[in-house]
1. Using Cα centres only, tell me the gap between region B:154-217 and region A:142-169 in whole Å.
2. By its C-alpha gyration tensor, with a ≥ b ≥ c as the square roots of the eigenvalues, how is the protein assembly as shown shaped: rounded for a/c under 1.5, else prolate for a/b larger than b/c, else oblate?
3. For a quick check: sort B:D170, B:D24, B:D211 by the number of other beta carbons within 10 angstrom, fewest at the front.
4. Once you have a ≥ b ≥ c as the square roots of the Cα gyration tensor eigenvalues for region A:83-149, tell me rounded if a/c is under 1.5, and otherwise prolate or oblate according to whether a/b is larger than b/c.
5. Tell me the mean residue ellipticity at 222 nm calculated for chain B from its helices only (DSSP H runs of n ≥ 4, each -39500 (n - 2.57), averaged over every residue, nearest 500).
6. Want the number for B:A2 to B:D168: 0.36 nm per residue separation, take away the alpha-carbon distance, what's left?
7. Could you state the number of Å between the C-alpha centres of region B:41-86 and region B:105-144?
8. Can you give me the long-range amide H partners of B:K214? Hydrogens built in the peptide plane at 1.01 Å from N, cutoff under 5 Å, separation of 5 or more residues or another chain.
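What follows draws every value from the coordinates through simple rules; no lab data is involved. Note that this is a predicted model, so its numbers are computed, not measured. Cβ: placed from backbone, ideal geometry, glycine included. Neighbour counts: every protein chain shown.
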Amino acid sequence: MRWHRIRALLQNYYYASLNSLDRIFDVIYWPILDIFIWGFMTLYIQGISEFNILNSILGAIVIWVFLWRASQDPVVYILESFWSRSVYHLFAAPVKVSELMVALSILGIVRSLIAFTVMISVSFLLYQFNFFAFNLGHFAMFIGILLLFAWGVGLLISSLVFRFGTRVQVLAWSTIWIIQPFSCVFYPVSALPVWAQKIAVLLPTTHVFEQLRASLAGNTINYGSLVYALVVSVLFTVIMAFVISRAIEKAKKSGRIAKAE
Amino acid sequence: MAILTVKKLRKTFPIKGKKLTAVDGVSFSVQKGEIFGLLGVNGAGKSTTINMLTGLTRPDSGSVTMFGKNYFKNEEECKQRCNVATAYYHLSHNLTALQNLKVFANLYNVHNPMEKIRELSEKFMVTHRFNTKVSYLSSGERTRLVIVKALLNNPEILFLDECTVGLDPDVAELVRDHLLQYNKETGCTIIFTSHYMQEVEKLCDRIAFMDSGKIVRVGNAHDLVKELQMQRVTLRFSQNKKEAKSLLRKEGIPFSEKGKMISFQIKNKNKVLYPLLEKFVKKKIVFDDIHVDKPTLEEYFIAQSRNAVKKEVTHK
Ligand SMILES: Nc1ncnc2c1ncn2[C@@H]1O[C@H](COP(=O)(O)OP(=O)(O)O)[C@@H](O)[C@H]1O
Ligand SMILES: [Mg+2]
């Protein structure tokens, strides 16, 4: 692994982000819209119920963005290189799969941090939601696990793009919304029907959001649950790192890297 | 010493359940500093061959030795010492010309990147488009940009896959001049694909003709081009055919006949054909019609590959 190549890839993503309105909207417009809709809806519900739910909804949304951006953005930047066919020049250069993975992970972290910052600022302005009043140690753990899992998801979808080409590009934007309902972001696992609970408890994300609610309610958090989430996320991401290197090798065999789509 | 040796390279693509053989046991070797041309009609397998040598496509079988090393075991080093340009794959559309060049200069760890970028961009006339996004560049500008990218790392082997397609003729000429100059100055080896004969004639030291995934002929560019300059003369006789044949025999010109037609090949109209026609007139040999044509590159390729097939059959 060579740092100058990782830096060059990051430079590429930096320029691409600045030059494209789509990529700017991804980290500013959509997150703000999310805060607007969920925040005002929550305020409304808050008015007709007795339970304080603003913190738990907004707290969930602002950490959900790490899973959202860090899994989706790497895929979108890979897709862009397929759309403009510059992937040809990228792979003719001495770039290693590991370097690509590291660069994409850093991209994911940076872009989720930007979206996160936008979200907590807007939430503060609109609803006086103060993120820094929470147990930040807990939040650091939650965010760390979500990022790890997000990398795995991003690598999985990227592998599918290398394997099947841009015809599976819709997965880049849709996968995360399939995971969301099972991850119990806004409601406890017990709110799900039994069949869905069985899927939910397997997902590391569910454990993170369950503990998030515990932390916000001032209850002690279940570290066993977080350790499970961490181990699953690490394993998943390691397996996906292996899967993507196989997928890229497969793409070279099928001639996808140097093929007009 | 050979800087690149390719042995029995083979690549098939699965197409609708069947196997399409794109490259069928290609072997060749290129000397340091040589400009080696791969020629052939569309679909002959030129690009697939290049893609296997730039690490974009994996061969089914075969070996590649580059810089004296097994390419597939030293891919990182080999890629660092090579580069590729083509008119068919552009740099990132969302980045400006300059941003793209900066990224690739850093990818290849170029020393003094801005200096290098400026020097090359001026040569290939892309400096005035530095701050324009690739998506707004003309196809000629995009291609020139790709060529600049391909020279950033001072490649020791430069792969050029139809890199002048879509350039204005005068620009193509300039690009060829610069590439030739680069080859002379640095001793860089160039592997070049094209179907423009003139281009190949001007640039290449040696040429390999490809057809249906096979190299059917390799040779010194000069000789092959000369062969291509042969013209075919066809004469139609309704009388005097016998006399014409004996005259041709006397002149030592091999010919073939078909019905009323006699055809033969000549190298030079002035030196061979006109004196011959004078002799026809002197001997009162009358022909009805004369037709002189030059085989196109395509015809030539096809004839070449048919000959190759014939030879193979007779060998067996
Ligand atoms: N990635 C690919 N997938 C499937 N078929 C391919 C691929 N690349 C090339 N081919 C096929 O292989 C053959 C050789 O193509 P190519 O190497 O591009 O020829 P050339 O460059 O000489 O025009 C063609 O029939 C082409 O359709
Ligand atoms: Mg081609």
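1. 40
2. Numbers: a/c = 3.18, a/b = 2.77, b/c = 1.15.
Prolate.
3. Numbers: B:D170 8, B:D24 17, B:D211 22.
Neighbour counts put them in this order, fewest first: B:D170, B:D24, B:D211.
4. Details: a/c = 5.35, a/b = 2.24, b/c = 2.39.
Oblate is the answer for region A:83-149, as a/c is 1.5 or above yet b/c matches or exceeds a/b.
5. Numbers: 11 runs with 121 residues, N = 316.
Result for chain B, helices only: -11500 deg cm²/dmol.
6. Details: separation 166, 0.36 × 166 = 59.76 nm, distance 3.44 nm.
Here the segment from B:A2 to B:D168 would lengthen by 56.3 nm.
7. If we compute the Cα centre of each part, the gap is 25 Å.
8. Counting only residues 5 or more places away or on other chains, the set is B:D24.
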